[in-house]
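Please treat every number below as a calculation from the coordinates, not as lab data. None of the values given here were measured: they were computed from a predicted structure. Cβ sites come from the backbone with ideal geometry, for glycine too, and all protein chains shown count toward neighbours.
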Amino acid sequence: MRTIPDFARQRAYLTPDATAFRDVATGRVWTFAEVDRLAERLAVVLEGRGLAAGGLAATAIMAVCRPRCG
């Protein structure tokens with residue numbers, strides 16, 4: 001079974017400069033290469049805190065709603 005990290009890693013390899021995410025409020029774009037590098041950095045931090053490869057970890061992505069959102 002393919003996982004989301006597998007998909008992202010493959011996209012980073014095949015099309016590193018393609019857009020992975022875009023912040024619609026600011027226009028900031030993250031490429032697959034940037035997302036892959038951030039994921040690797042997160043993996044190093046988690047391993048440093050004792051999480052073994054293949055272990056489960058919960059993460060949260062927080063969005064900040066600007067005044068015009070409400």
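Odds and ends about this structure:
- Charge sum, other residues only, whose C-beta stays under 14 Å from A18's C-beta, Lys/Arg counted +1 and Asp/Glu -1: 0
- For the range 7-15, Karplus couplings with θ = phi - 60° (6.51, -1.76, 1.60), whole Hz, Gly/Pro x: 4, 4, 5, 5, 5, 4, 6, 7, 9
- Long-range amide H partners of T31 with built H, under 5 Å: A20
- Spin-label model distance (nm) - E47 vs R9, 7 Å beyond Cα toward Cβ: 1.2
- Per-residue Karplus couplings for the range 16-32, computed as 6.51 cos²θ - 1.76 cosθ + 1.60 with θ equal to phi - 60°, are listed in order as x, 8, 6, 6, 9, 9, 9, 7, 5, 6, 10, x, 4, 10, 10, 7, 4 Hz, Gly and Pro entered as x.
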